[in-house]
Protein chains: 2
Amino acid sequence: MAEYIPLPLLTAAEQFSKLPGIGMKTAQRLAYYLLTMPENDVEVFSKALISARKSVRICPVCQNFTGQEDCRICGDFRRQKEVICVVESPKDVTAFERAGSFAGVYHVLHGALSPMDGIGPEKIRVKELMARLNGDITEVIMATGPTVEGEATASYISRLIKTMGIKVTRLAYGLPVGAALEFADDVTLAHALDNRNEM
Amino acid sequence: MAEYIPLPLLTAAEQFSKLPGIGMKTAQRLAYYLLTMPENDVEVFSKALISARKSVRICPVCQNFTGQEDCRICGDFRRQKEVICVVESPKDVTAFERAGSFAGVYHVLHGALSPMDGIGPEKIRVKELMARLNGDITEVIMATGPTVEGEATASYISRLIKTMGIKVTRLAYGLPVGAALEFADDVTLAHALDNRNEM
């Protein structure tokens, strides 16, 4: 490859290909695209990457990413501090906030239990969650993913919390709104039936 | 969005989303991924982008991208300078060189004729190609894409060149090697039949 792609272009392509979901072919396409961008735009792009990496911190309370010193969600006096929604990743917080249906606070685990991959409770932020659970907390909502790992994580943490006498809930399983029933998988359909509500 | 994604992260995501084929959702995923990378890796990435943009030049002869002052292909004394293969983009040169079956030199048009999009001969590097056509050139291979635009470009340029008495050829159409015949489209199949060779 190095023989007919200019080296700086190849280097840029290799860097792109390190990103998740970007193969060498897409990476090369992106690198070639750089050459069509105004030089100033490339610099703005380049600086935005460094700035994101350097200025984004982790909130010492909820463990979510935050740009300022104080986390905007934990620092918001209008939010119910008694209800904690436990999620796997910052992207999940984004999803909940986009939906706008949750008024409590979050706790980001930065992962899910996965013994197969050697991810035990000490690798995700369970300890930090336990440290937050004082007498003021009335409910912990386990909003980890609808996967084997997410389920295992919810189950493990709920056992820890129940011993403290705090209510633990789990997100409902059911049909996704707008999807065709015929495409729902068996497990989802069984859950949707089990959790049916009176109309 | 800005309310719950840290601003520097949002800025990085917006920059990613300017790249071709990267939507806002993928862009956000990439921006989040930056935070998991070692800070030094992000800097290396960032610098590679600027370096690619700044140090890659266009060869004054073949118009291909080149990293050094001299184009490695045009400057290679082993290549046949009498045969010019005309392609739409630098990526096409990469494809030919990977195949390793062409020993001549290239001419990169940086586009194809597309009257619908307002791309006429003056917007692609036709003038530069004509300037290369002296008495030493024995053949010009039109290797523009197998599309309406590529075909129109090949046809337009070949008419110009024929008046100079230089041989012009076009890449063969036919079945792609390894593909199932049943999936070939009608036009390709008709071409494959027309251009059949004796065994």
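Miscellaneous remarks
- The listed residue being more than 13 Å from B:Ala143 (Cα to Cα), open to solvent by less than 30 Å² (accessible area, probe 1.4 Å) and among the aliphatic types (A, V, I, L, M), out of B:Leu133, B:Leu109: B:Leu133
- Qualifying residue in region B:152-162 (condition: closer than 21 Å to B:Val105 by Cα, part of a loop (DSSP other than H, G, I, E, B) and modelled with pLDDT of 85 or more): no
- Selection count, region A:30-48, where residues are open to solvent by 50 Å² or more (accessible area, probe 1.4 Å) and either outside any helix (DSSP H, G or I) or more than 8 Å from chain B (Cβ to nearest Cβ) (or both): 3
- None of A:Asp92, A:Asp70 is modelled with pLDDT under 90 and assigned by TED's automatic domain parsing to the domain that holds A:Ala152 except A:Asp92.
- Yes/no for A:Arg72 being facing another protein chain (nearest Cβ under 10 Å), in contact with a strand residue (DSSP E or B) (Cβ under 8 Å, 6 or more places away or on another chain), surrounded by fewer than 19 Cβ atoms within 10 Å (Cβ to Cβ) and not in a helix (DSSP H, G or I): yes
- Every pair of residues 6+ apart whose Cβ atoms lie under 9 Å, when the first sits in region A:168-179 and is more than 12 Å from A:Ser155 (Cα to Cα) while the second is among the basic types (Lys, Arg) and modelled with pLDDT under 80: A:Gly174/A:Arg196
- Residue count for region A:9-57 satisfying the condition of being small (Gly, Ala, Ser) and farther than 20 Å from B:Ser89 by Cβ: 6.
- Residues (buried (at least 23 other Cβ atoms within 10 Å of the Cβ) and part of a strand (DSSP E or B)) located in region B:85-104: B:Val86, B:Val87
- Among the conditions (1) more than 11 Å from chain B (Cβ to nearest Cβ); (2) in contact (Cβ under 8 Å) with a residue 24 or more places away in the chain; (3) farther than 15 Å from A:Leu160 by Cα, A:Phe96 misses just one, which is (1).
- The listed residues are A:Ala13, A:Ala52, A:Ala27, and the only one of them that is more than 10 Å from chain B (Cβ to nearest Cβ), outside any loop (DSSP other than H, G, I, E, B) and hydrophobic (A, V, I, L, M, F, W, C) turns out to be A:Ala27.
- Hits in region B:112-125 - residues which are aliphatic (A, V, I, L, M) and surrounded by 17 or more Cβ atoms within 10 Å (Cβ to Cβ): B:Ala112, B:Leu113, B:Ile124
The values are calculated or read from the model by the stated rules, or taken from the named source; none is laboratory data. This one's a predicted model, so the numbers in the text were calculated from it and none came from an experiment. Ideal geometry is used to build each Cβ from the backbone, glycine not excepted, and the neighbour counts take in all protein chains shown. What goes into the accessible areas is simple: the full protein's heavy atoms, side chains included, and nothing from ligands, DNA or RNA. Shrake-Rupley method; radii C 1.70, N 1.55, O 1.52, S 1.80 Å.
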